[in-house]
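Okay, so here's the structure we're looking at.
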Amino acid sequence: MPFAPMPARAANRTDRMRRMSAAGIATAAAAAAALTLVPTSPAQAAEHTAPAKAPAATKTAAPAKAPAKAPAKTYSNNLDGWIRESLDIMKSKGIPGSYDGLHRNIMRESSGNPNAENGWDVNAQNGVPSKGLLQVIQPTFDTYHVSGTSNSITDPVANITAAANYAADRYGSIDNVDSAY
């Protein structure tokens, strides 16, 4: 039997099927290609998302500027400021103590007067009066003086820091002192 031409309707349907098949094959191929690009492990994923390394510069780069220094910390010139400055020095030197421990002892010893001097106790009778915020005698101040502070026993920060250093050596911390020491 000779080949008979397809009716127009059937030809259109066949054409559509071929086009859909071609589109389906193209879609399937694209999906398969995409799957080969999906990383299969976290390491592989990191490899694909890591930024590309820039090629080495052929010119000498300008030196990086040093970061700006933070402004020096300032403290108020009063009991609160002296205690806070002493605590910062103590922390840098590994001397234990707290604001409350220092404040409590200062108030008991001198009522916060950096020029307080005890002229009546046994030390004063022996010619070595206790001085300053934490009522330190000169030999104790000299022995426990902390470098970086003033050499004056009545300097508030030097007095607090030396007394806290002494209390740490003798009692473990100024926080453990609850009476004259």
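The values are calculated or read from the model by the stated rules, or taken from the named source; none is laboratory data. Not measured: the values here are computed from a predicted model. Because the Cβ atoms are built from the backbone with ideal geometry, glycine has one as well, and the counts that use them run over all protein chains shown. Each accessible area value is taken on the protein alone, full model and side chains, heavy atoms only, with ligands, DNA and RNA left out. Shrake-Rupley method; radii C 1.70, N 1.55, O 1.52, S 1.80 Å.
Worth pointing out:
- Of the residues screened, T154 is one that is over 17 Å from I174 (Cα atoms) and among the β-branched types (V, I, T).
- Unique residue being within 22 Å of A72 (Cβ to Cβ), of a type outside the set (A, V, I, L, M) and in contact (Cβ under 8 Å) with a residue 12 or more places away in the chain when the list is G101, G172, G97, G148: G148
- Within region 64-101, the residues that satisfy the criterion of being in contact with an Asp or Glu (Cβ under 8 Å, 6 or more places away or on another chain) and in a helix (DSSP H, G or I) are D100, G101.
- Region 108-134: number of residues that are in contact with a strand residue (DSSP E or B) (Cβ under 6 Å, 6 or more places away or on another chain) and open to solvent by 60 Å² or more (accessible area, probe 1.4 Å): 1
- Filter result (under 34 Å from the mean Cα position of the chain (by Cα) and either crowded, with 19+ Cβ neighbours inside 10 Å or part of a loop (DSSP other than H, G, I, E, B) (or both)) within region 135-148: F141, Y144, H145, V146, S147, G148
- Residue in region 157-178 that is hydroxyl-bearing (S, T, Y) and within 28 Å of the chain's Cα centre (by Cα) present: yes
- Residue count, region 149-172 (criterion: part of a helix (DSSP H, G or I) and small (G, A, S)): 6
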